Structure formats: C-alpha cells, structure tokens
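Report on one structure; see the data block that follows.
The numbers here are math on the coordinates, done by the rules we state, and not lab data. Since this is a predicted model, take the numbers as computed values, not measurements. Here the Cβ positions follow ideal geometry from the backbone for every residue, glycine too, while neighbour counts run over all protein chains shown.
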Amino acid sequence: MLNKEQADALIQFCHLQANQARPLTRLILKQKVFELVGRTPGDQWVRRFLRARPDVLTGKAYGLDPKRAESFRREVVYDYFDKLEDIVVKHNIQPHNIYNFDEKGVQLGGGRKNINVQYIFPRDSSNRYVLKSDSLLLITIIEAASATGDAVPPGFILPPGDLEDFTHVPGVGCVTVTHNGWTDNSVCHQWFSKVFIPFINQRRQANEYVVLIMDGHKSHETDQMLLLALANKIILICLPGHTTHKLQPMDVRVFGPFQTAWGKHCTEMACKGQPVTRDTMIEEYVKASLLLNFFLDAHPYLN
C-alpha cells in the first residue's frame, strides 16, 4: 500500500510525534495512511506494518502535564547542565560532593497500583485474591544521595499521633510529625541542619564545596536554609521548573523502582498478618529501601 519512501516518512512522523508526547494510535496511523494514498488500511495491514519496523512498538503511555512537556526543551536542559558544569569546574567539586535530594510520599498500604506479582492458585478456583492493606495513610520521606552512591540518612514526616523513639532503628536521620504528614519549611530545615550538614562534614575535606541539587519547592528555598548553606560552603541548585520527571535523579532512578518494591513489601507483610502501620513503617522502610547507583544515569556528563 505504501512505497518505501512513504513508509519511511510515516515512521519518522511516528518518532517525531512520540518525542513530543503526542504518540500516534493505530486509528491515527490509519488516517495518516489515507492522507498519503487515499485508502484506509485494515487492522491486519497495520499489524504487519508495525511488525516490519523494529524501531517502533505499541504500548501504554504515561500521562504528561503540558507544562512539563513545554518546559522540557533542549535549550532549557542544555542551559541547566552548562550552569551546573560551570559550578563544578569553578569550585573543583568532585562527584562524592554532588548530592541530590527529594521527597516521596508513601502509603502504608503500598498504594493501589498493580505490583506485577503472580501467585499460585488452584486451576479450578475463581477465588483469586491476596491480602492487602487498604491503608491510604501518607508518610513523607526525605532522601538524598551523592553521585558516588553515598546515601544520607533519610528523614521521615509522620501524620498526627504520638512520636515514638526511633533512635534504635539504624540509618534513620530524623523523624517529625506534621498535621498532614507532608513536609514544610521547618521540617526541611531540620533535616538539612541536623542530618545533611553533619553527614557531608564527615566525608569532605576542609574548604571543599558541596553541591545539593533539588527541585524548586518553596519549602526548599527558605532564607534560613540559604544562609545555612552559604555558611557551610553548600551550593544549592534548583532544577528547571517542570523538568523533574526527566532531570530529578531521585525521581528517575530511585523512587520509581522503590514504589514497586514498597508495594510488594507491604503486600507480603499483610499476607503474614503483620500489615505496615504508622508505628512500624520506618523500620519496614529501612528494610525495603533500594537506594541505587542512579546519579550518573541522569547526569551523564559527569561520567
């Protein structure tokens, strides 16, 4: 139905649209073929056409806010990395002194997304269920790590309730309570001053600068935090707005895989009759934590 030039042009159009977060559906593909040759192909032709082109495939798409799509432009990304590189070169900052931090809200029940685990059932039974906590209680976690994989002790923000002593749990940075379990200016400052700064001071040489990359959330840019960073030779770098889905290392390489692992862990605990609760969440999180060597994937120029 299409000659080689037409087929190649159509595939290039598929690539272009997908790269702009406007991927074609099979129906739109048929419409484009009609525009080229004046005939509408059938489903079988579409299947054969796609199978013959190994550089494309069909699959589910993830929703992308138009603001993120508009902001993630080549010139924006290049400008960010150029400025980051200038700072790194100017202050001779080594990878072990480059950190990224972000926050993640986790639900005690593990969330409602499918965790893609298969179970064994009797073939003749329709009773195919697995115990799963329905708790949607949210706890916020502050995580940070260096370009060489050194993990800063995490901070935990709990919803209202009694605050237990978690000093017996290894690897915990700080624990606090807010009215909704979310971060705010004081919580972020507490983690920064009491956890992050002591951690980096144990690992850097005197007079070495440290870079901390973060998103531009208002709780991260308080006057207190800026002054404290200046006094401790910490350079705060904010990612360009609406680009964290691609440039935030924690989002790209840590929190996605962790969310899957956390969902599996919560389901396993529920099956044991020990669902994760507000009081046990921190200890269970430390067990399930999956800090990865993520940073260089999102910042390839540092290789």
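Identify the residues of the stretch 173-198 with backbone N under 11 Å of a label point that sits 7 angstrom from the Cα of GLN224 along the Cα-to-Cβ direction, or state none. Only 184-194 pass the distance filter. Take the Cα of GLU164, step 7 Å toward its Cβ, do the same at LEU138, and the gap between the two points is 2.3 nm.
Remark: LEU163, LEU212 ranked as LEU163, LEU212, counting other beta-carbon atoms within 10 Å and listing the fewest first. The H on the amide N of LEU158, modeled in the peptide plane, is under 5 Å from the matching H of THR176, VAL177, THR178, each at least 5 residues off or on a different chain. Positive end of the dipole of the stretch 4-51 (Cβ unit charges, origin at the Cα centre): among ASN19, GLY42, GLN31, the Cα lying farthest that way belongs to GLY42.
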